[in-house]
Amino acid sequence: MKSKTPKKPALGESPSERASAAGKNPPQPPFFKGGSTAPDEKGGAAPDAAPSSPAFVEVAVAAFVPDSLTYSVPPGLAGSCLPGRRVVVSLAARTVTGWVLGPAPALPPGVKVRPVLSVLDEEPQFPASMIPFFRWVASYYFHPLGETIRDALPSGVSTGESLALTLTDKGRAALDSPRTSPERRAVLEALADGKEHPEGDFVGDRGKVPRPLLLAMGHQGLAVVRRKVEKPPVSTRTETWVKGLKAESDAPARVKSRHRALEILAADGPMAARDLKARVPAVGARLSEMAGAREVELFEREVFRDPLGEAIEPDAGPLDLTDDQAGVLDSVTKALGQGFSAFLLHGVTGSGKTEVYLQAAARALAIGLSCVVLVPEIALITQMERRFRARFGDRVAVLHSGLSAGERLDQWTRIVRGLAPLVIGARSAVFAPVPSPGLFIVDEEHDESYKQESRLRYNARDLAVLRASRSKAVVLMGSATPSLVSRFNAEEGKFTELSLPRRVYDRPQPETVVVDLRGNRNAGPVLISPTLENHLSETLDRGEQALIFLNRRGFASFPMCPACGKAIGCVHCDITLTYHRARNLYLCHYCGYQRSASGGCPSCGEPQVKHLGMGTEKIQQYLEDRFPSARVARLDRDVLARKGALVSVLKGVKNREIDILVGTQMITKGHDYPHITLVGVVCADQSLGFQDYKAAERTFQILAQVAGRAGRGDRPGRVVLQTFNPEHFCVQAARNLDYEGFYATETAFRKSLAYPPYSRLAQVRVSGPQLTRTRDLAEDLAEAFHGLLDRAPEIRAAVRILGPVECPLARIGGQFRWQILFKGLTYAPFREFLGQTVRVLQSRRTAPGFSAILDVDPVNML
Ligand SMILES: [Zn+2]
Ligand SMILES: [Zn+2]
């Protein structure tokens, strides 16, 4: 129901609304940073035990209103309107949910406010100490506060419940009243049998009766509303454990197994019955007898499963650290509990960053602080989770989109209650409601998937730093290829740089061979050069494994008709479709449009379309043809769409049932398989051509990361980079693993053009279903933005407006796309300018289907 368009604030829509809910705060000043006097997350100044019966509360409603609103607290709810709990309130003619932020000051006499209608939660959804952080986030991204909170909470938290209604006498009387609205009547009629009905039973003329109306009916006494938390059965698995209760068995000496079992249990402590049976096979039949004699106790224990479906055994505890690792750990742990510090850990691939994370987390937990670990992708989260669960067992909670709503709710609840002081998750875990955050770890900090690209457009890496600073905690950002901006922050002294320059066990970095593809142009497109092919067959001969990387899924990225010469394009986007052979269709990777490939060329009907351009499917097929005895598998989003596919592929690599793995970017990160000794990059230049100031940085990062997959075991690794630009500084830097060289060249380029880190960016993206009207809207807005500069010379000196220009991807999903880019050379005036642009955007009513949104610190420039 929410449109992406920043709407005109609902608060201003009607005078009656103003009387109903008085705006508590004036519009936020552009530099609002949560206020220096606001309590920090660990301070005792913001306990959940707010004054027990405030007359008024401040509520952030989940709607496009600028800020929080004040509501009165009816006597019956006085004890339960506490910070972090959800409430139902009226907003104009609607009933909406919101979150209590705390007591609000009494309003001047004569100002009327509406009451809170009901309180939805018995316990808060987040600690009150997080409220200043939410305020800062809303202010920084110019996003309404209630929407910010809603977007921060996992969706399972707000949707994992349902209502059930029963009719009251008042409701029965209303059934006969002519003044009862048709929708209410539909509900009352369904309830007329006197039984309790679930909300799905209420269907009016306009479809399902909306939940707020049902809640309102409860408030009006027409029905008794009962809330049921919907928890899908979370599948846990248990196994039987044995604990020794006595040192000696009463059994006769000839029953050796009972005596032996008690000896083992006394020496090694409780263990799984399975393990005990492995050591004393005859004890299996005796266990229940021993339990009956009170010699042992049998109990069920939850088994955590890793993503490969195997039980996670506790690990052997902390590993011995290299001197480098010990130095890094020492710096981090010394800072724990001592106020805010930010560390940038530059650790080459294979240098043992994860072990440092584990030991730093252990130290935080040991002094009573919680730890949040951010990982960019689900496939990597499951690996990180495995390591952390093996070390920390059930103190770990996980938050990511791969969980069901019920599972997410369970995890969230465990975190709020302080039962899981260690949280691992994707970007949204930066909002994990840990009660006393002490350490934030951001793995692969350079990864662009930390940026949320819809609704609240936040960057989780940046918010981790911010939240750490607010809660006087430590943030540790790790990467083999730190982002330029983070590295720059380290040089500026904002972050402390730590480094792990060597691989563990002194394993060498892989050796890199660059293959120049240019000579082959006339001989047709090269998929696998002779050099790479030779290395592949040698690798296979040695019984080792290879990764082949190409960041494009499908079979052919450029299907073209030889008869009419046209490329097969998407009807909704300015993009060529990709041919997917397994499904025999053309697919748009941007909007999902697909058409069958059996019809030939859509323009002229020519049946034999040429499938030019590469994709992972084509590479896989090529390799299967060239190496018929090799077991070739593929990992990309197409494969992932099949349930269980990720697990089976990773398992296949681990168990060496796969010899060559072909894949997209998802194979480049994190995975640690010791028998992969060769990495082939089919086309190193692939991402260089994008019209984006970050193209070089992204390319360098991908190449360095994928190269890092090679040689993580005892055998040395080798990387083959195929490229059309062997002299390009990115390719050279990746070949030599020369981060410093890359950094020097790239920062000079950024400085000359005033791109980050030498400026800040924000972008207004304008889109709509008609080209001319979209362009007109963009031009109109740009003119208004220029007008802002004309009126304020001090801002004019600090801000550059670029555009409007058509986006490089000019049309996606039928929407024409234009952009206006803002460059801020000085922070404060730039923020003030952005605040003014938001007011311009809010004051324009855009036609239905058109939108103009502000993205602060944009990542996607296409
Ligand atoms: Zn044709
Ligand atoms: Zn499309």
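The values are calculated or read from the model by the stated rules, or taken from the named source; none is laboratory data. Just so it is clear, the structure is predicted and the values come from calculations on it, not from any experiment. With ideal geometry, Cβ positions are generated from the backbone for all residues, glycine too; neighbour counts draw on all protein chains shown. Side chains are part of the model used for accessible areas, which takes the heavy atoms of the whole protein and leaves out ligands, DNA and RNA. Shrake-Rupley method; radii C 1.70, N 1.55, O 1.52, S 1.80 Å.
What helices (runs of 4 or more DSSP H) completely inside region 244-354 contain at least 2 residues that are within 27 Å of the chain's Cα centre (by Cα)?
Values: elements: 256-268, 273-279, 287-292, 323-335.
By residue number, 323-335.
With respect to Pro530, determine if the residue is exposed (fewer than 15 other Cβ atoms within 10 Å of the Cβ) and not polar (S, T, N, Q).
Numbers: exposed (fewer than 15 other Cβ atoms within 10 Å of the Cβ): yes; not polar (S, T, N, Q): yes.
Considered against the rule, which asks whether it is exposed (fewer than 15 other Cβ atoms within 10 Å of the Cβ) and not polar (S, T, N, Q), Pro530 comes out as yes.
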Tell me, please, whether a residue that is open to solvent by less than 40 Å² (accessible area, probe 1.4 Å), in contact with a His (Cβ under 8 Å, 6 or more places away or on another chain), in a strand (DSSP E or B) and more than 30 Å from His589 (Cα to Cα) can be found in region 811-824.
-> no
Would you pick out the residues in region 88-121 that are over 32 Å from the mean Cα position of the chain (by Cα), without any contact (Cβ under 8 Å) to a residue 60 or more places away in the chain and not in a strand (DSSP E or B)?
-> Ala93, Pro105, Ala106, Pro108, Pro109, Gly110, Val116
If we ask which residues in region 566-590 are of a type outside the set (Ser, Thr, Tyr), within 15 Å of ligand 1 (Cβ to nearest atom) and either modelled with pLDDT under 90 or open to solvent by less than 50 Å² (accessible area, probe 1.4 Å) (or both), their number turns out to be 4
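Residues that are under 30 Å from Asp410 (Cα atoms) and open to solvent by less than 60 Å² (accessible area, probe 1.4 Å): list the helices (runs of 4 or more DSSP H) wholly contained in region 158-224 that include at least 3 such residues.
Details: elements: 169-175, 182-191, 211-219.
Because the criterion is at least 3 residues that are under 30 Å from Asp410 (Cα atoms) and open to solvent by less than 60 Å² (accessible area, probe 1.4 Å), the helices (runs of 4 or more DSSP H) in region 158-224 that meet it are 211-219.
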If we keep just the residues of region 374-390 that are in contact with an Asp or Glu (Cβ under 9 Å, 6 or more places away or on another chain) and surrounded by fewer than 22 Cβ atoms within 10 Å (Cβ to Cβ), which is nearest to Glu448 (Cα to Cα)?
-> Glu377
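Restricted to region 835-861, and to residues that are within 17 Å of Pro756 (Cα to Cα) and of a type in the set (A, V, I, L, M), which residue is modelled with the highest pLDDT? Outline the logic, then answer.
Our first condition is that a residue be within 17 Å of Pro756 (Cα to Cα); within region 835-861, this holds for 855-861.
If we keep only those that are of a type in the set (A, V, I, L, M) too, we end up with 856, 859, 861.
Values: Val856: 97, Val859: 92, Met861: 84.
Checking each candidate, the answer is Val856.
Where in region 591-675 are there strands (runs of 3 or more DSSP E), lying fully within it, with 3 or more residues that are away from ligand 2 (no atom under 16 Å from the Cβ), open to solvent by 20 Å² or more (accessible area, probe 1.4 Å) and more than 23 Å from Glu538 (Cβ to Cβ)?
610-612
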Can you name the residue in region 591-636 that is within 16 Å of ligand 1 (Cβ to nearest atom) and of a type in the set (D, E, K, R) and is also nearest to Ala567 (Cα to Cα) among such residues?
-> Lys610
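In the list Arg760, Arg800, which residue meets the criterion of being in contact with a Lys or Arg (Cβ under 6 Å, 6 or more places away or on another chain), at pLDDT 95 or above and open to solvent by 30 Å² or more (accessible area, probe 1.4 Å)? Let's see the steps before the verdict.
Working: Arg760 fails: in contact with a Lys or Arg (Cβ under 6 Å, 6 or more places away or on another chain).
Exactly one of Arg760, Arg800 is in contact with a Lys or Arg (Cβ under 6 Å, 6 or more places away or on another chain), at pLDDT 95 or above and open to solvent by 30 Å² or more (accessible area, probe 1.4 Å), namely Arg800.
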If we only count strands (runs of 3 or more DSSP E) wholly inside region 365-469, which ones have 2 or more residues that are more than 24 Å from Gly84 (Cα to Cα) and either over 15 Å from the mean Cα position of the chain (by Cα) or touching a residue at least 60 places away in the same chain (Cβ under 8 Å) (or both)?
-> 437-442
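Would you check if Pro808 is more than 23 Å from Asp67 (Cβ to Cβ), touching a residue at least 12 places away in the same chain (Cβ under 8 Å) and assigned to a loop (DSSP other than H, G, I, E, B)? Walk me through it before giving the result.
Numbers: more than 23 Å from Asp67 (Cβ to Cβ): yes; touching a residue at least 12 places away in the same chain (Cβ under 8 Å): yes; assigned to a loop (DSSP other than H, G, I, E, B): no.
Criteria not met by Pro808.
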Could you please find all residues in region 756-791 being in contact with a strand residue (DSSP E or B) (Cβ under 6 Å, 6 or more places away or on another chain), touching a residue at least 60 places away in the same chain (Cβ under 8 Å), in a helix (DSSP H, G or I) and farther than 13 Å from Gly803 by Cα?
-> Thr774
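Looking at Pro559, is it in contact with a His (Cβ under 9 Å, 6 or more places away or on another chain), modelled with pLDDT of 90 or more and within 16 Å of ligand 2 (Cβ to nearest atom)? Let's see the steps before the verdict.
On the way: in contact with a His (Cβ under 9 Å, 6 or more places away or on another chain): yes; modelled with pLDDT of 90 or more: yes; within 16 Å of ligand 2 (Cβ to nearest atom): yes.
So Pro559 passes the test.
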